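Have a look at the structure below, then the notes.
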Amino acid sequence: MLDEDSLRAGLPIAWIGENFYFHQSIDSTNAEGNRLAKEGAPHGTLIVANEQRAGRGRAGRRWITAPDSAIAMSIVVRPDQILANDWQKVNAIAALAVVKVLEDYGLSAEIKWPNDVLLDGKKVAGILLEGVWRADQAEFAVLGIGVNVKKRSLPSLNLLNFPATYIMETSTQPIARDELLFAILRALVAWIDRLNTDELTVNLNKHLAFVNQTVVIDNDPQLGGKLLGVDDEGRLRIIIQGEELVLGYEHSSLRLKS
Ligand code: ATP
Ligand code: BTN
């Protein structure tokens, strides 16, 4: 059960959730995070929903959050607290936080660069970092995390362009969504504290999917090659036609070459 009182009792976790909103059902916690941030909501404002009716993925895609089955949450991030240059890395850090928590539950998950978490090669969680900019100055970002926990969270096949799974498909122990949510927030805080450390780069690489395999980026045959890992900025290192290239977050889609 995910309810407002049990969540509030465990918050804040460091800088996250002093300002906390719970919705049984909402269009999108990211949309709400954007609305609240525009009204001045502080760094660390947390929005959690039991259901999303219009959950967002990247590039206008949909993210499905059925009631009582998943985690859908968003956090307002202010640039004076986390340097604008580092924001994109926060994307990868959020994926790493989910992977680390699943590892603590005995589950071996991987990061599909740049923003997905795979369990058994299938998508179990997605991250969406949306920024709002005024001229050159970043005003705020909203970090959204969606995790499939119970069977009911699985979208129907026709809504998927990549195979999906949910935690309880693999886990042998029951997992309470509130405990999972707290654990993800603790891991997120801990890894954001290590934003510019070698330890972060090492761990992103350790948990990266498809290393040493041939992948295709953005469905572009020119961008096919052997995936080496990520660099200190969280960018993808890949060998294309014998040359090592570094791809930033403007590239987004990664698939194993079929
Ligand atoms: P990419 O091609 O860049 O890897 P993607 O297909 O993973 O992108 P995203 O924007 O990262 O697209 O995620 C949105 C997509 O995730 C949706 O188009 C849908 O295919 C899939 N999806 C939606 N809801 C869920 C869910 N609850 N669990 C798993 N997958 C989902
Ligand atoms: C993706 O894989 O494209 C990212 C999916 C991100 C989904 C989360 S669920 C909580 C937050 N609210 C949204 O509308 N999207 C993010």
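Observations on the model:
- Rg over Rh for the chain works out to 0.95, both radii taken from alpha-carbon positions and Rh defined as the Kirkwood radius.
- In this structure the range 214-256 gives 53 Å² per residue of accessible area when probed at 1.4 Å with all protein chains present.
- Dipole magnitude of the range 4-206, debye to nearest 20 (Cβ charges: Lys/Arg +1, Asp/Glu -1, about Cα centre): 600 debye
- Kyte-Doolittle mean at least -1.0, axial Cα span of 15 Å or more - DSSP H helices of the chain: 87-104, 177-192
- 15 Å beta-carbon shell around I192, net charge (K/R +1, D/E -1): +1
- Extent along the principal axes, Cα only, for the range 174-258: 45, 30, 22 Å, with the longest axis given first.
- Pairwise centroid distance, computed over Cα atoms, of the range 144-197 with the range 25-62, Å: 17 Å
- Cross-link partners of K123 among aspartates and glutamates, defined as those whose alpha carbon lies under 20 angstrom from its own and excluding same-chain residues fewer than eight positions apart: E51, D68, E103, D104, E110, E169, D218.
- If the convex hull is drawn through the Cα atoms of the range 124-176, its volume per residue in Å³: 113 Å³
- For the chain, the carbon plus sulfur part of the accessible surface works out to 47%, probe radius 1.4 Å.
- Per-residue ellipticity at 222 nm, computed for the chain from helices alone with -39500 (n - 2.57) per DSSP H run of at least four residues, works out to -7500 deg cm²/dmol.
The values are calculated or read from the model by the stated rules, or taken from the named source; none is laboratory data. Note that the structure is a prediction, hence the values are computed from the model and not measured. Cβ coordinates were reconstructed from backbone atoms using ideal geometry, including for glycine residues, and neighbour counts include every protein chain displayed. Ligands, DNA and RNA are stripped out before the accessible areas are found, and what is left, the full protein with its side chains, is counted by its heavy atoms. Shrake-Rupley method; radii C 1.70, N 1.55, O 1.52, S 1.80 Å.
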